[in-house]
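Read through the structure below, which is laid out as structure tokens, and then see the notes.
The values are calculated or read from the model by the stated rules, or taken from the named source; none is laboratory data. Predicted model, so just to flag it, every value in this text is computed and none were measured. Please note: Cβ atoms are built from the backbone with ideal geometry, for glycine as well, and neighbour counts cover all protein chains shown. Surface areas here come from the heavy atoms of the whole protein model, side chains and all, with no ligands, DNA or RNA. Shrake-Rupley method; radii C 1.70, N 1.55, O 1.52, S 1.80 Å.
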Amino acid sequence: MPRLARLDAPGVLHHIIIRGIERRKIFRDNKDRDNLVERLEHLIPATNTACYAWAFLSNHAHFLFRSGDAGLSTLMRRLLTGYAVSFNRRYKRHGQLFQNRYKSIICQEDAYLKELVRYIHLNPLRARVVSDISGLNRYAYCGHSVLMGEREYTWQDTRYVLGYFGKKLNNARKSYFSHVKAGLEQGRRPELVGGGLIRSLGGWDEVKRIRLRGQDRLKGDERILGDSDFVMDVLSEGNEKYNRQYELKSLGYDLKMIGECEKIMHTKNSQAKCI
């Protein structure tokens, strides 16, 4: 099956993941990290994008963005292309730096923003880039240190995120820090990187039937993180049409084989007409 189309529109919350090709490093030193930070400093205001969370690791990076007027694709194209060209020039290398397309997951804000900020900002600690929470507080290449007031990046929207934790700055920071520490024992949280249940359910017609039976606790497809109503609203706006493909696949048909059979039947019919 072809790759799923991107879901992109102004004002949408996205969890973005970029990875190095073959899990290779995309940052070899702090000069590389500073390079990407400088590009974010320019491109985020230029595209009217909001950044709520971010973290750099050696071979991948996470971001939580709200897309600007032109959607997210303009920002990501300029950010990744510019960085890759600069990286290749610096190390005298050729070819791709990033693994395929960046991963973009549309997120339901009221249910997941706080969870995603915590998940993204704990990544350097889980990956042992830093040794403990004190090290995370000081780590320069993660939005956590900015929310804690240890450093300042004007392109990171700290006010919006801290507003979820309190009205007064000091109290909000304390509440945010407690929230982050409470997540230390939660592990990698695979449920926060998209849905994926829709394929095994038989398509959106089946989802609707399940909802009528009162079973609403669905996550959606791999591009969306949210409850069933949110998923269907997003896909409805995007004019998604999957039902026939999912119906065939749920019945055990190989879609590639079906395509080959159709070609053979078309060829036979053409030959019969010629005779």
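Residue count for segment 18-36 under the criterion of being open to solvent by 10 Å² or more (accessible area, probe 1.4 Å) and closer than 24 Å to residue 113 by Cα: the result is 1. Only residues that are open to solvent by 30 Å² or more (accessible area, probe 1.4 Å), out of contact with any helix residue (DSSP H, G or I) (no Cβ under 8 Å at 6 or more places or on another chain) and in a helix (DSSP H, G or I) were counted across segment 67-82, and they come to 4. Within segment 106-139, if we keep just the residues that are aliphatic (A, V, I, L, M) and within 13 Å of residue 57 (Cβ to Cβ), the residue that is surrounded by the fewest Cβ atoms within 10 Å (Cβ to Cβ) turns out to be 127. Listed conditions (1) open to solvent by less than 30 Å² (accessible area, probe 1.4 Å); (2) in contact with a Gly (Cβ under 9 Å, 6 or more places away or on another chain); (3) at pLDDT below 60 are all met by residue 197, apart from (1). Does segment 162-169 contain at least one residue that is within 23 Å of residue 38 (Cβ to Cβ) and either surrounded by 13 or more Cβ atoms within 10 Å (Cβ to Cβ) or in contact with a Gly (Cβ under 8 Å, 6 or more places away or on another chain) (or both)? No, because not a single residue in segment 162-169 is within 23 Å of residue 38 (Cβ to Cβ) and either surrounded by 13 or more Cβ atoms within 10 Å (Cβ to Cβ) or in contact with a Gly (Cβ under 8 Å, 6 or more places away or on another chain) (or both).
Okay, residues lined up against (1) of a type outside the set (Asp, Glu); (2) farther than 15 Å from residue 74 by Cα; (3) touching a Leu at 6+ places or on another chain (Cβ under 8 Å):
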position: 14; (1), (2), (3): yes, no, yes
position: 21; (1), (2), (3): yes, yes, yes
position: 28; (1), (2), (3): yes, yes, no
position: 32; (1), (2), (3): no, yes, no
position: 38; (1), (2), (3): no, yes, no
position: 46; (1), (2), (3): yes, no, no
position: 53; (1), (2), (3): yes, yes, yes
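Taking every residue in segment 95-119 that is of a type in the set (Ser, Thr, Tyr) and pairing it with any residue that is open to solvent by less than 40 Å² (accessible area, probe 1.4 Å) and modelled with pLDDT of 85 or more, at least 6 positions away or on another chain, the pairs with Cβ-Cβ distances below 7 Å are 102/16; 102/17; 102/18; 102/76; 102/80; 104/14; 104/16; 104/72.
Identify the residue in segment 41-59 that is in contact (Cβ under 8 Å) with a residue 40 or more places away in the chain and surrounded by fewer than 21 Cβ atoms within 10 Å (Cβ to Cβ) and, among all such residues, is nearest to residue 127 (Cα to Cα). My answer is 57. Suppose we filter segment 83-115 for residues that are among the small types (Gly, Ala, Ser), under 20 Å from the mean Cα position of the chain (by Cα) and not in a strand (DSSP E or B); how many remain? Final tally of qualifying residues: 2. Would you tally the residues in segment 126-160 being in contact with a Cys (Cβ under 9 Å, 6 or more places away or on another chain) and without any contact (Cβ under 8 Å) to a residue 60 or more places away in the chain? Residues in segment 126-160 being in contact with a Cys (Cβ under 9 Å, 6 or more places away or on another chain) and without any contact (Cβ under 8 Å) to a residue 60 or more places away in the chain: 2 in total.
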